[in-house]
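K.L.:
Just dropping this structure here.
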Amino acid sequence: MLDVILDVLTSNGLVTAFVIVGITMWLAYVISNKLTRGMIHGSAIAIVIGLVLAYFGGVATGGSKGLSDVSFLAGIGFLGGSMLRDFAIVATSFGANFDEIKKAGFRGVISLFIGVLLSFVVGVIFAVMFGYTDAVSIATIGAGTVTYIVGPVTGAALGATSEVIAISIAAGLVKSVLVMVGTPFIARFIGLNNPMSAMVYGGLLGTTSGVTGGLAATDPKLVPYGAVTATFYTGLGCLLAPTVLFILTDLIF
Amino acid sequence: MVIYGVAILAGCYLVGTIVGEFIGMLMGVDSNVGGVGVAMLLLIVIVDKLVKSGKISKPALDGLSFWNQMYIPVIIAMAASQNVVGALTGGPLAIVAGIAVVAVSWACVPLLSGKPKTDEDISLLGPTVGGEADA
């Protein structure tokens with residue numbers, strides 16, 4: 001009996017994911033309305049529930065893809081995977097105002113460069129504080145605080161140890177999760193309520209999943225503006241970290 | 001027809017992704033550089049042209065609007081597929097550095113975006129051709 005049900009769920013993964021996500025959102029909006037009287041946005045709660053489920057999925061399976069490592073929930077990984085995520089991000093630009101993007105374009109580009117550099121420097125400082133002395137390890141950890149993709153790309157290019165690469169990925173993941181959860185709470189304190197600041201936000205924080213998830217929970221109208229800069233960030237980081245930034249690190253340490 | 005809207009969206013996505021791969025190749029990086037950003041700009045310009053010239057039907061716009069509103073469910077599925085265990089078990093350096101970088105970056109947002117604006121400025125976003133993305 002149970003086998004038959006699990007079989008159906010497994011072989012219809014994407015459809016199963018629609019049901020699971022739908023139930024999660026319903027639950028999140030009930031919590032938002034009843035327990036917080038709408039103070040905390042339903043999608044923020046839904047994202048936190050998603051992360052908690054990912055934690056339990058990871059603990060239960062020992063895998064790295066959260067809940068989607070549970071075989072009959074693999075469809076969640078497809079629905080939330082890079083293809084549909086990027087497809088839906090592009091769709092958010094339907095409704096964005098091109099004039100606003102042009103107006104904030106210059107600051108968006110500046111914030112991209114400052115964002116990558118700043119993140120790298122913060123990572124470097126903490127790597128040194130924790131006792132790393134070789135430029136390769138320091139630069140890899142610095143790259144990890146840019147995003148969890150830049151870390152391993154840089155580490156692989158420089159020949160860092162797998163332990164250091166693991167730390168760099170974890171640092172990037174912490175950043176991404178924290179941005180996803182924290183954005184709605186910090187938004188009012190940093191003036192994150194208009195297209196200009198959303199583009200700067202995307203450029204400074206850069207983690208696409210964190211920025212777009214966090215903005216969605218803050219105000220969905222801001223998502224396209226944050227996403228349009230954030231999607232350049234990881235590429236820029238992959239370009240700068242193993243080259244210019246590593247050379248500078250190597251000169252200092 | 002609904003599929004026209006979805007096809008325009010998908011076409012922009014593919015063109016953007018291909019352009020992003022080429023930018024990556026030119027820069028010598030094994031990664032897609034800004035493909036999604038290019039696709040977004042393309043979609044904005046194309047839809048704007050089509051709407052202004054009246055060449056796009058309501059059902060076609062609904063096809064775009066559907067995916068626009070599917071964004072948050074997709075993000076929740078993404079959150080549920082994150083390596084949260086990896087983030088929490090990466091050791092103190094990973095956690096401290098991750099928290100510090102976010103705090104420093106948050107502090108820099110007002111510096112770069114100019115003085116914080118009031119909530120009224122949200123009206124700048126104006127009426128959109130898109131559907132309600134608040135679901």
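Computed from the coordinates by the stated procedures, all read-outs in this text should not be read as laboratory data. Just so it is clear, the model here is predicted, and its values are computed rather than measured. Heads up, the Cβs are rebuilt from the backbone with ideal geometry, glycines too, and the neighbour counts pull from every protein chain shown.
K.L.:
If the convex hull of the alpha-carbon atoms of the stretch A:175-218 is projected onto planes in all directions, what is the mean projected area in square nanometres?
P.N.:
Averaged projected hull area, Cα only: 2.5 nm².
K.L.:
At what distance in nm do the modelled label points of A:Leu6 and A:Val109 sit from each other, each positioned 7 Å from its Cα along Cα→Cβ?
P.N.:
Each label point lies 7 Å from its Cα, and together they span 5.5 nm.
K.L.:
Now for a different question. Would you kindly work out the equivalent ellipsoid of the stretch A:153-197 from its C-alpha gyration tensor and give its semi-axes, the square roots of five times the eigenvalues, largest first in whole Å?
P.N.:
32, 12, 6
K.L.:
On to the next question. Please report, in debye to the nearest 20, how large the charge dipole of the protein assembly as shown is about its Cα centre when each Lys and Arg carries +1 at its beta carbon and each Asp and Glu carries -1 there.
P.N.:
Using Cβ point charges on Lys, Arg, Asp and Glu, the protein assembly as shown gives about 740 debye.
K.L.:
Would you look at the GNM of chain A, springs on alpha carbons closer than 10 Å, and say which of A:Gly151, A:Gly77, A:Gly115 moves the most?
P.N.:
Evaluated over chain A, the most mobile residue of the options is A:Gly77.
K.L.:
Structure shown: which of A:Lys34/A:Lys175; A:Lys102/A:Lys221; A:Lys102/B:Lys55; A:Lys103/B:Lys49; A:Lys221/B:Lys58; A:Lys103/B:Lys52 lie over 23 Å apart, alpha-carbon to alpha-carbon?
P.N.:
Too far apart for the 23 Å limit: A:Lys34/A:Lys175; A:Lys102/B:Lys55.
K.L.:
Shifting gears a bit: In whole Hz, with x marking every Gly and Pro, tabulate ³J(HN,Hα) for the stretch A:89-102 from phi via Karplus 6.51 cos²θ - 1.76 cosθ + 1.60, θ = phi - 60°.
P.N.:
5, 4, 4, 5, 6, 5, x, 7, 9, 4, 4, 5, 5, 4
K.L.:
Tell me the trypsin sites (Lys or Arg not before Pro) within the stretch B:1-104 that lie in a loop according to DSSP and have at most 15 other beta-carbon atoms within 10 Å.
P.N.:
Sparse-neighbourhood loop trypsin sites (Lys or Arg not before Pro): B:Lys55.
K.L.:
Please list the radius of gyration and Dmax for the protein assembly as shown, considering alpha-carbon atoms only, with Å as the unit.
P.N.:
Cα-based Rg and Dmax for the protein assembly as shown come out at 20.3, 65 Å.
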